[in-house]
Amino acid sequence: MFKGKITKVIITGEAKEEFDDLNKLVGEEISKGITNSDHQTLLNSIKQKIELLRDNPQYGIHIPKDRTPKEYIKNYDVNNLWKINLSGAWRMIYTIRGNEVEIISLILDIMNHRDYEKKFGYKKS
């Protein structure tokens, strides 16, 4: 519950594909006896941040509207965008939707820092 409303976290689009691929890769690593890897650290980081979002959908860092990539507006009709820093300089991008009953954190992207900078138009210094 957040501000008296039920909260949900939904992974969609490219984020769902990235999350599923990562889950599969970690499963393969574990079956080979690998118990500690960058992939496992990243997956655990994502799962931890999802739990934090369930408690507080505003946990992340709000991205200014002028930085919102047009593809998010076109594909997901977003009017707010947030990011969460993950392990290994990865980023999780989400939007918040809600009504009188519930608040949904819709995870749109999980990407490495280089892809994040490219998508959001930041230049390397």
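The values are calculated or read from the model by the stated rules, or taken from the named source; none is laboratory data. Because the structure is predicted, anything quoted here is derived from the model rather than measured. So basically every Cβ, Gly included, is an ideal-geometry build from the backbone, and we count neighbours across all protein chains shown.
Here are the numbers for the structure shown:
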read-out: Residues within the range 101-112 that are more than 30 Å from Asn36 (Cα to Cα) and without any contact (Cβ under 8 Å) to a residue 40 or more places away in the chain, tallied; value: 0
read-out: Tabulated pairs, the range 63-88, first under 17 Å from Ile11 (Cβ atoms), second surrounded by 13 or more Cβ atoms within 10 Å (Cβ to Cβ) and of a type in the set (Phe, Trp, Tyr), C-beta under 6 angstrom, 6+ apart or interchain; value: Val78/Tyr72; Trp82/Tyr94
read-out: Top-ranked residue in the range 19-76 [being part of a loop (DSSP other than H, G, I, E, B) and within 13 Å of the chain's Cα centre (by Cα); ranked as surrounded by the most Cβ atoms within 10 Å (Cβ to Cβ)]; value: Pro57
read-out: Residues within the range 34-79 that are within 26 Å of Ile6 (Cα to Cα) and small (Gly, Ala, Ser), tallied; value: 2
read-out: Yes/no for Asn79 being modelled with pLDDT under 95, assigned to a loop (DSSP other than H, G, I, E, B) and either among the small types (Gly, Ala, Ser) or out of contact with any strand residue (DSSP E or B) (no Cβ under 7 Å at 6 or more places or on another chain) (or both); value: yes
read-out: Identity of the residue in the range 87-117, aliphatic (A, V, I, L, M) and over 9 Å from the mean Cα position of the chain (by Cα), that ends up surrounded by the fewest Cβ atoms within 10 Å (Cβ to Cβ); value: Val101
read-out: Test result for Ile84, buried (at least 21 other Cβ atoms within 10 Å of the Cβ) and among the aliphatic types (A, V, I, L, M); value: yes
read-out: Hey, Ile6 loosely packed, with under 15 Cβ neighbours inside 10 Å, closer than 18 Å to Ser105 by Cβ and over 15 Å from the mean Cα position of the chain (by Cα) or not; value: yes
read-out: Cβ pairs under 7 Å, 6+ apart, first in the range 35-59 and closer than 15 Å to Ala89 by Cβ, second exposed (fewer than 13 other Cβ atoms within 10 Å of the Cβ); value: Asp38/Gly88; Thr41/Gly88; Leu42/Gly88
